[in-house]
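Inspection log for the structure reproduced underneath, given as structure tokens.
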Amino acid sequence: MHAYESDFREPLINGNKNYTIITDELVGPTEKTYTGWWLLLIIFGCLAGLFVFCLSWTVFFGIGVWGLNKTIDWAWDITNFVWWIGIGHAGTLISAILLLFRQRFRTGINRAAEAMTIFAVICAGMFPVFHMGRVWNAFFIFPYPNTRGPLWVNFNSPLLWDVFAISTYFSVSLLFWYSGLMPDFATIRDRAKGKYRKMIYNILSFGWTGTAKQWQRFESLSLILAGLSTPLVLSVHTIVSFDFATSVIPGWHTTIFPPYFVAGAIFSGFAMVETLMLIVRKVFKLEDYITVNHIESMNKIIVLTGSIVGIAYITELFIAWYSGYMYEQFAFYNRALGKYWWAYFMMMSCNVLSPQAYWFKPARRNLWVTFGLSIFVNIGMWFERFVIIVTSLADDFLVSSWAYFQPTWVDIAIFIGSIGLFMTLFLLFCRFFPVIAIAEVKSIFRTSSATAKAERAKELGQSSGGFVGLTTFGILDKDAKQ
Amino acid sequence: MGAVKQSNNFVLGLWDHEEVFLHAIEHIRHDGLEIYETLTPFPVHGLEEALGYRQTRLHTAGFLFGATGTTLALSFMTWVMAFNYPLNFGGKPYWPLPSFIPITFELTVLFSAWGMVLTYCVRNKLIPGYVPRIYEPRTTDDRFALVFDIEGKSSEEIEKIKSLCNGNGAVEVKNRTFKDGE
């Protein structure tokens with residue numbers, strides 16, 4: 001009845017489970033209170049407050065409070081913007097592209113990854129908006145009938161394409177995420193004890209009941225949203241890379257940028273998903289649903305995309321040399337060996353060298369290695385954007401205008417504050433929303449859970465007099481103990 | 001469902017395994033019983049076929065919304081750049097079609113996604129604040145349910161429904177009555 005899966009495949013749901021237990025364990029985190037959660041919320045909430053404070057400071061005193069100068073007019077702000085947008089990409093990749101490829105491991109992590117996407121895009125969007133300086137005029141970026149002619153926005157500009165790309169990306173991700181949440185909110189509602197809790201979750205669930213017709217439309221909707229989001233997610237980072245690639249700045253003006261940015265985005269996004277999921281699975285005791293198998297699958301994607309990024313770095317250097325174009329060569333010489341050599345070194349070691357550990361299975365399946373490397377990759381990817389943006393601008397066409405970028409306290413506080421905002425939103429999500437897509441996990445239960453595999457093995461064992469393979473894989477062991 | 005007076009009396013059959021449930025549906029439909037509603041905690045493959053539902057046309061709606069977005073984006077940008085306020089941007093043509101592609105694509109996706117989700121909500125009666133009839137709270141947890149309308153049915157017919165459910169592996173069969181307006 002359901003799709004076939006080899007029983008030799010590692011299960012995606014461990015432990016002895018049934019639908020009741022799955023509901024209990026996945027709704028559980030929304031029904032308890034955690035002291036540690038409050039502590040974290042207070043810490044990150046303060047950082048989010050710092051974010052608001054520093055943005056207000058910027059608006060009040062002007063962009064002059066940032067470390068920008070006449071030569072380096074894009075620095076930490078745009079670095080942060082690209083970094084956050086990149087992080088967001090893993091969520092859509094997991095929910096959309098892995099859905100189209102029918103990768104069942106997505107069900108354990110897609111909900112949290114999509115939430116991460118939305119929060120990361122919120123953080124990302126802040127930076128270009130506040131970089132405008134006069135934020136109250138931010139609506140000028142939209143093509144609306146105005147009294148200036150009407151003088152329209154320039155549809156030739158990649159910066160305008162970015163406005164459309166990112167706002168579309170945000171709203172489509174939100175729809176995708178929320179349409180998946182409705183059935184799970186209904187599950188919480190139907191278990192709720194209190195009257196208000198029931199009412200609130202009913203509102204959140206939009207009155208979902210789970211009739212066959214609803215599910216039929218649900219499946220159709222998620223398939224098509226996945227089909228739409230797949231080219232969308234690729235287009236968003238492509239357009240972000242156009243912001244640079246269509247300029248005439250040596251170091252930015254390269255055709256390799258779109259695929260290179262997309263690979264980098266997926267790379268950093270998966271790293272962030274791992275950082276968060278490793279903590280979530282531990283705190284909420286979800287080890288049976290976010291298994292080492294899930295972590296290993298993500299690590300495989302990290303080593304793939306990390307190597308694509310590495311090839312892109314080296315290709316850039318090669319093409320700069322091969323082009324015979326002096327200014328391009330100078331820009332890349334500066335990038336690797338100039339005054340920002342330390343940033344280039346950080347980028348190369350964190351992004352290209354460190355993920356190579358994942359060629360080895362013990363490293364891919366080690367949670368401490370994974371956690372450490374996921375942080376390294378996040379640091380490395382921040383430096384990648386810094387390297388691309390700042391080193392290309394710092395030593396420009398006139399020697400007299402060469403400059404060095406020094407962040408001010410506002411730059412630093414805004415960056416830290418954006419992490420605070422992101423984490424605050426994520427913590428709220430963890431506490432009140434189902435962190436794992438309950439209905440989706442149930443839908444793979446018969447194919448991919450340890451329980452179902454053990455049941456099938458028992459049937460096989462009875463008919464063929466023992467099935468050695470599964471006992472060697474340790475799948476039957478758990479069952480035997482119980 | 002129309003504005004006809006809603007029925008208040010139902011028989012509920014509950015199953016705990018989707019394969020048994022699917023077989024039960026086949027048998028029950030084979031015996032000519034009408035299933036009023038089917039509730040499951042997650043999408044069960046093969047359920048629409050077993051119930052004889054026709055394909056949803058949601059994807060057609062998605063295509064039409066998407067096509068609206070494409071047309072709107074292309075025609076609006078053409079009107080702005082070539083007719084309403086033609087400006088010379090670095091000697092580029094007044095109708096720079098390649099420049100229109102990214103925004104056209106984004107608006108296609110935007111219209112298609114929003115249009116489809118709104119259609120989905122309307123067709124599925126998903127409105128924030130709408131209080132649905134909950135036949136059995138466990139259908140969003142671990143039970144697969146068939147709901148039979150027994151309004152005006154004789155006790156023999158009701159017995160037949162119940163025995164068919166029981167005979168096809170239901171773990172529980174019970175009556176469910178609603179008050180008016182519930």
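The values are calculated or read from the model by the stated rules, or taken from the named source; none is laboratory data. This structure is a prediction, so every number in the text was calculated from the model and none was measured. As a convention, Cβ positions derive from the backbone with ideal geometry for all residues, glycine included, and neighbour counts pool all protein chains shown.
Brief remarks follow.
Residues checked against (1) more than 14 Å from A:Leu228 (Cα to Cα); (2) in contact with a helix residue (DSSP H, G or I) (Cβ under 6 Å, 6 or more places away or on another chain); (3) not aromatic (Phe, Trp, Tyr):
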| position | (1), (2), (3) |
| --- | --- |
| B:Tyr36 | yes, no, no |
| B:Pro86 | yes, no, yes |
| B:Tyr94 | yes, yes, no |
| B:Ile103 | yes, yes, yes |
| B:Thr119 | yes, yes, yes |
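- Matching option when the condition is modelled with pLDDT of 90 or more and surrounded by fewer than 24 Cβ atoms within 10 Å (Cβ to Cβ), among A:Ile87, A:Ile166: A:Ile166
- Scanning the range B:83-96 finds no residues that are over 30 Å from A:Trp161 (Cβ atoms), at the interface with chain A (Cβ under 8 Å from one of its Cβ atoms) and either touching a Phe, Trp or Tyr at 6+ places or on another chain (Cβ under 7 Å) or buried (at least 16 other Cβ atoms within 10 Å of the Cβ) (or both).
- Contact annotation: residue pairs with Cβ atoms under 6 Å, 6 or more positions apart or on different chains, pairing a residue in the range A:145-168 that is in contact (Cβ under 8 Å) with a residue 40 or more places away in the chain with a partner that is surrounded by fewer than 20 Cβ atoms within 10 Å (Cβ to Cβ), are A:Pro158/A:Thr246.
- Residues of the range B:27-44 classified as under 21 Å from the mean Cα position of the chain (by Cα) and acidic (Asp, Glu), total: 2
- Residue list for the range B:100-141, filter: within 7 Å of chain A (Cβ to nearest Cβ) and among the small types (Gly, Ala, Ser): B:Ser112, B:Ala113, B:Gly129
- Residues within the range A:169-181 that are within 15 Å of B:Pro128 (Cβ to Cβ) and either touching a residue at least 60 places away in the same chain (Cβ under 8 Å) or within 9 Å of chain B (Cβ to nearest Cβ) (or both), tallied: 4
- Failed item in (1) surrounded by 16 or more Cβ atoms within 10 Å (Cβ to Cβ); (2) in a helix (DSSP H, G or I), with A:Ile72 passing the rest: (2)
- So A:Asp184, is it outside any loop (DSSP other than H, G, I, E, B), over 25 Å from A:Gly91 (Cβ atoms) and either at the interface with another protein chain (Cβ under 9 Å from one of its Cβ atoms) or touching a Leu at 6+ places or on another chain (Cβ under 6 Å) (or both): no
- Apart from one condition, A:Ile109 fits all of (1) among the β-branched types (Val, Ile, Thr); (2) within 14 Å of chain B (Cβ to nearest Cβ); (3) not in a loop (DSSP other than H, G, I, E, B); the exception is (2).
- Scanning the range B:137-163 for residues that are in contact with a strand residue (DSSP E or B) (Cβ under 8 Å, 6 or more places away or on another chain) and over 13 Å from B:Asp16 (Cα atoms) returns B:Val147, B:Phe148, B:Asp149, B:Ile150, B:Glu151, B:Ile158, B:Ile161, B:Lys162.
- Residue in the range A:392-410 that is of a type in the set (Gly, Ala, Ser), closer than 28 Å to A:Phe119 by Cα and in a helix (DSSP H, G or I) present: no
- Of all residues in the range B:11-22, those that are more than 17 Å from B:Ile161 (Cα to Cα) have Cβ atoms under 6 Å from Cβ atoms of residues that are surrounded by fewer than 21 Cβ atoms within 10 Å (Cβ to Cβ), 6 or more apart or on another chain, in B:Asp16/B:Val171; B:Glu19/A:Met1.
- Options A:Trp177, A:Trp208, A:Trp161; residue that is of a type outside the set (Val, Ile, Thr) and part of a loop (DSSP other than H, G, I, E, B): A:Trp208
- Matching entry among A:Trp161, A:Trp208 (being aromatic (Phe, Trp, Tyr), under 17 Å from B:Thr104 (Cα atoms) and within 7 Å of another protein chain (Cβ to nearest Cβ)): A:Trp161
- Restricting A:Gly227, A:Gly251 to those that are more than 19 Å from A:Ile308 (Cβ to Cβ), more than 8 Å from chain B (Cβ to nearest Cβ) and outside any helix (DSSP H, G or I) reduces the list to A:Gly251.
- Residue match in the range B:51-60 (condition: on the phi < 0 side of the Ramachandran plot, among the basic types (Lys, Arg), part of a helix (DSSP H, G or I) and more than 9 Å from chain A (Cβ to nearest Cβ)): no
- When the criteria are applied in full, A:Thr246 meets the requirement of being over 24 Å from A:Val377 (Cβ atoms), among the β-branched types (Val, Ile, Thr), in contact (Cβ under 8 Å) with a residue 12 or more places away in the chain and within 14 Å of chain B (Cβ to nearest Cβ).
- Residues that are in contact with an Asp or Glu (Cβ under 7 Å, 6 or more places away or on another chain) and either without any contact (Cβ under 8 Å) to a residue 40 or more places away in the chain or under 11 Å from A:Trp382 (Cα atoms) (or both), drawn from the range A:70-103: A:Trp76
- So A:Ala331, is it crowded, with 16+ Cβ neighbours inside 10 Å, out of contact with any Gly (no Cβ under 6 Å at 6 or more places or on another chain) and of a type in the set (A, V, I, L, M, F, W, C): no
- Residue satisfying all of: in the range A:133-152; assigned to a loop (DSSP other than H, G, I, E, B) and touching a helix residue (DSSP H, G or I) at 6+ places or on another chain (Cβ under 6 Å); farthest from A:Leu55 (Cα to Cα) among these: A:Trp152
- The set of residues from the range B:131-152 being surrounded by fewer than 17 Cβ atoms within 10 Å (Cβ to Cβ) and either at pLDDT 90 or above or in contact with a helix residue (DSSP H, G or I) (Cβ under 8 Å, 6 or more places away or on another chain) (or both) comprises B:Val131, B:Pro137.
- Complete set of residues in the range A:1-44 that are in a loop (DSSP other than H, G, I, E, B), more than 12 Å from chain B (Cβ to nearest Cβ) and in contact with a Ser or Thr (Cβ under 6 Å, 6 or more places away or on another chain): A:Glu5, A:Pro11, A:Leu12, A:Asn14, A:Asn16
- Taken as a whole, the structure leaves B:Leu64 outside the set of residues that are at pLDDT 90 or above, closer than 17 Å to B:Phe148 by Cα and either surrounded by fewer than 18 Cβ atoms within 10 Å (Cβ to Cβ) or facing chain A (nearest Cβ under 8 Å) (or both).
- So B:Val80, is it facing chain A (nearest Cβ under 10 Å), more than 25 Å from B:Phe42 (Cα to Cα) and surrounded by 14 or more Cβ atoms within 10 Å (Cβ to Cβ): yes
- Within the range A:395-416, the set of residues being crowded, with 23+ Cβ neighbours inside 10 Å and either of a type in the set (A, V, I, L, M) or more than 25 Å from A:Asn334 (Cβ to Cβ) (or both) comprises just one member, A:Ile414.
- Checking A:Ile72, A:Ile94, A:Ile87 one by one, the residue that is more than 21 Å from the chain's Cα centre (by Cα) and not hydroxyl-bearing (Ser, Thr, Tyr) is A:Ile72 and no other.
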